[in-house]
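The structure appears right after this line, and notes come after that.
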Amino acid sequence: MGGMMLETIAIIAIVTIAAGFAGWRAFQTLRVAKGAKACGGCDKCE
Amino acid sequence: MSSQTLDKLPIGASATVLDVAGEPALQQRLLEMGVLPGVQVSIVRFAPLGDPIEIKVMGYSLSLRKSEAAHVTVSA
Amino acid sequence: MSDTTTSGRHARHDKHTIAVMGNPNTGKSTLFSALTGTRQKVANFPGVTVEAKIGTARFENSELTVIDLPGTYSLSARSPDERVATEALLGRIEGTPKPDGVLIVLDASSLDRNLYLGTQVLEFGLPAVVALTMMDVAEARGITVDAKKLSETLGVPVVVVNAPKGRGLDELKSTLHRTLHHPGKPLELPYPEDFTRGVGTLHENLCDLGVELGFKPTRPEALRLLVDGAGPFFEECEEVGGESWTRQFFEIRERAAGGRSLSMVEAQTRYGAIGGWMRDVKQTETREGRTKTDVVDGILTHKVWGSLVFILAMGLIFQSIYSWSGPMMDAIDGGFGALGDWVGGMLSEGALKSLIVDGVIPGVGGVLIFLPQILILFLFIAILEDLGYMARAAFLMDRLMSRFGLNGRSFIPMLSGFACAVPAIMGTRVIEDRNTRLTTIFLAPFMSCSARLPVYVLFIAAFVPETKVLGFLELQGLVLFAMYWVGVLAAIPTALVLKKGILKSKVTPFLLELPSYKAPRIKAVARTLLDRGGSFVKRAGTIILAVSILVWAAGYFPHSQRVDDQYDAEIATAEAPYSESVVKFDPETDPDSLMAKFLEADEAHDARVAALAEEITDDDALETAVADSKKKRNAAMAEIAASSTEATQALNDYVAWKELSEARGEIENQRAGHHLENSFLGRAGHLIEPAVKPLGWDWRIGMAAIASFPAREVIVATLGTIFNLGGDQDEESDSLREVVKDARRADGTPLFTLATGLSIMVFFALCAQCAATLAVMRRETNSWKWPVASFLYMTGLAYVAALVTYQVASAWGA
Ligand SMILES: Nc1nc2c(ncn2[C@@H]2O[C@H](COP(=O)(O)OP(=O)(O)OP(=O)(O)O)[C@@H](O)[C@H]2O)c(=O)[nH]1
Ligand SMILES: [Mg+2]
């Protein structure tokens, strides 16, 4: 049962981090749009 | 000495620029790029569709449209 | 600790900022990169750098802030990129420090023209150092430049550098270090008297205006204003000074000109002075024969040969994307398959295992597998850019582009749009006319960028047969080529509507320098590839990983226990008729058992069949070969079975076990499918399904397409995740290509047909699924209007085109 708990916590943590990261990237993209970030904002082409 | 415009010169011809006219922005750009009275220019080639043309001026290649070259008077 | 503080203070004390100014394509960014140890984009065409980039160069104990700037032919800026350069020199760009020195980069192979801007900058009187680049090119053309004499003439130090070879950099740094401590002396040129007086009068006039302007304009700024009589500074003065100022201004101009045009006066004075200097500084030995550039141009811009070479090059690119990438793709694919199996074996059944095996590995791996294609594409683009072809392309295309109201200049950003729309949109800064620039920005995302490549490759590999046309052209490569045309064909009418409608403008000048060809440097190309490849991998490991996890979570939860219980019961029912030895058999744990021996023989047969299928193309021959293999297997099995009575029993058990395994697999698939349908993703998917159904898509494709809003290639990741979650594959290590082939609709018919595949590709060729592009569009146009319009237009177009494609293709029977 302890394993289950641990697994649940791990999943929640990973998904939260992923969501946070995606949100942060969305925010960065908006900064590019507003001109606050100099680069193009797509790291395909730094 | 007779004169004609740059767009009328055939491939391979060289001439000396006599005057550069055209609306102010175009004239200024041409002058900055080295197309000004007294300078030697030669026609290198036309683009496959006949326009623009490539000229050699001040040791480098410059391309410009015929309509723009028409503002440049050269000695013939 | 105290040590670092001291040196820190020392460094601060020495802090200087220099701006790198020069004509386009003179090697500024190459030099900047070498000085600061950064990697700026460098290529052989004018207009590569379009924004100010800041870096730090270290010399002994001091630090120097260096600003790399777009190239410009003069300080009379007309296009946005030139404006960046001139404004940065004056310290008028937000977030960019005001330079207290300039590094003037002069191309030795066209020194006269380079000095035009050089004299303009030197008139400002900032401490300056000249870096003389392209000495090698000049020498090859028989031009020798005497750097010492040039230095004496200009009154500033001149250093010969060759940044690609790393030569002259230390000397340049120490010269900069020395020079920046002393104030510079403005260069003085022999202008006609009227002109000089005019500049003086205007300068005084501006000083009076200075309080209201908020800064004190310098004399060279007055000169620029006098000659240009336009631009942001002029507008500012007009606003502050009102009508009376404008009237005075034009009076001053009138008097200063002395009958000629002011730009003529300026140009003749500058070039007059330059011509005089050159007699001492430069020696030209006239070479007979044509230069290499002339010879190459004779072919590449030739009516017939040029087009032929162009078509051949394009063909080569698309063929090689298919034929060269195979082995590397297989290796990556195999690697991820093995990783999935390995991790799958380590973790016990549950959410975490599903997250990794169904979410992360197919998501990230599914995208990474396209690394080889991306690298090949970038290899060709890097070669074209380094060679000097881009400017020629603009030269070739100007006539055609002007039919659509555009300019040859628009062609360079559009070409780079095949790599990525973001730099393409930024590259439009070289276009002077605002409406032409807006049109080009709007069109850039129609060029098939590298993010579309994975989508095309996946569906082409799955549905277009691997046959050759005319004996040597791969059909798959041809279809890929066709996909690239979809965007171009959509762009043409769009351009016509825009330029003839809302974005009309008068014909804009096309004055473009054609740089000399340079052999692409292998090191530089390799570095570009490493950079691009690295970024691609980084993307897969960051944003694509995150989206995969989120899509997985949406597709996994709520994961109700009730559903699990239902399928557990079904499995129990299925197992009921079999004996315990059949139900419990697990080849992993009893590899030496008799049953495992039968399995071995069976698997050997499967492997033979797979190998045969690769080798034999003829259907009948294959059938006989497979039958042979089957006989072999049966014989092997019979032999084992005959060895003992236990073995005979084991064969019966094995056959029963196989039957049960299939039944269990079927139930597990149903379980996975049921969970997916029940998940948040599934419920949302069913809501949107009616909208995507006419395109031949089911809800899973629809959701994958929506989830790819951050970037197009994400669809490959999300499809991988969704199909893994949905149990749409038999074994863990199938590649996405196989999964896509095997996916079924609810009624059991194949989900993807050629028609669906085409419809998805056409949709992705035209849609606006790229957040970065929309963001940059907003920034470059300074309004949300453009990105919103672009999104709506492209999405609408993509939808309609995909709809037509699907309906036509399926009516055709594809
Ligand atoms: N032969 C030779 N090539 C050079 C030298 N310096 C730079 N190059 C090449 O010249 C081309 C242009 O270099 P960039 O550094 O991009 O030029 P830039 O001045 O930054 O150009 P823009 O950003 O367009 O203004 C590239 O192909 C470089 O590899 C040099 O000293 N000799
Ligand atoms: Mg540059």
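Here are the numbers for this structure:
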item: Options C:Ile543, C:Phe557, C:Val525, ranked by Cα towards positive dipole end of segment C:524-572, top entry (Cβ charges); result: C:Val525
item: Point-to-point label distance, C:Leu496-C:Thr56, nm (Cα→Cβ direction, 7 Å offset); result: 5.6 nm
item: Residues C:Leu594, C:Leu103, C:Leu308 arranged by fewest to most Cβ contacts within 10 Å; result: C:Leu308, C:Leu594, C:Leu103
item: Cross-link partners of C:Lys500 among lysines (Cα-Cα below 24 Å; sequence separation of 8 or more within a chain); result: B:Lys66, C:Lys785
item: Percentage relative contact order, chain C, counting C-alpha pairs under 8 Å, at least six apart; result: 11 percent
item: Reach of C:Lys173 by Cα under 15 Å, taken over aspartates and glutamates that are not fewer than 8 positions away in the same chain; result: C:Asp14, C:Glu60, C:Glu63
item: Peptides C:120-133, C:601-614, C:84-97 ordered by average Cβ neighbours within 10 Å, highest first; result: C:120-133, C:84-97, C:601-614
item: For residues of C:546-556, the mean tally of beta carbons on other chains within 10 Å; result: 4
item: Radius of gyration and maximum dimension Dmax of the protein assembly as shown, Cα, Å; result: 33.9, 119
item: Cα-centre dipole for segment C:488-623 with unit charges at Cβ (Lys and Arg positive, Asp and Glu negative), debye to 20; result: 2880 debye
item: Residues C:Tyr322, C:Tyr654, C:Tyr578, sorted so that the one with the fewest Cβ neighbours within 10 Å comes first; result: C:Tyr578, C:Tyr322, C:Tyr654
item: Overall form of segment C:566-614 per C-alpha gyration tensor (a/c, 1.5; a/b vs b/c); result: oblate
item: Reachable aspartates and glutamates from C:Lys303, criterion Cα separation under 14 angstrom, eight or more residues apart if same chain; result: B:Asp51
item: Unit charges on C-beta of K, R, D, E only; dipole of segment C:193-284, Debye; result: 640 debye
item: Per-residue Cβ neighbour rank within 10 angstrom, fewest leading, A:Ile12, C:Ile640; result: A:Ile12, C:Ile640
item: Two-site FRET efficiency, C:Glu659 against C:Glu615, from Cβ-Cβ distance with R₀ of 30 Å, rounded to 0.05; result: 0.45
item: DSSP bridge pairs, chain C: antiparallel proportion in percent, nearest 5; result: 40 percent
item: Residue (of C:Thr645, C:Ile688, C:Asn669) at the positive-pole extreme of segment C:642-773, dipole from beta-carbon charges; result: C:Ile688
item: Length gained when the stretch C:Leu312-C:Arg247 is fully extended (0.36 nm per residue, less Cα-Cα span); result: 17.4 nm
item: Per-residue average of Cβ from other chains inside 10 Å of C:766-776; result: 4
item: Global form of segment C:399-454, assessed from the alpha-carbon gyration tensor, a/c cut-off 1.5; result: prolate
item: Using distinct alpha-carbon pairs, which all enter the 1/r mean, Kirkwood radius of chain C in Å; result: 31.3 Å
item: Among C:Ala331, C:Ala382, C:Asn23 the positive-end extreme of the charge dipole of the protein assembly as shown (Cβ point charges); result: C:Asn23
item: For segment C:102-163 versus segment C:253-291, the gap between their alpha-carbon centres in whole angstrom; result: 16 Å
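Rule-based calculations on the coordinates, nothing more; no lab input. Just so we're clear, the structure is a prediction, and the values are computed from it rather than from any experiment. We place every Cβ from the backbone using ideal geometry, glycine too, and count neighbours over all the protein chains shown.
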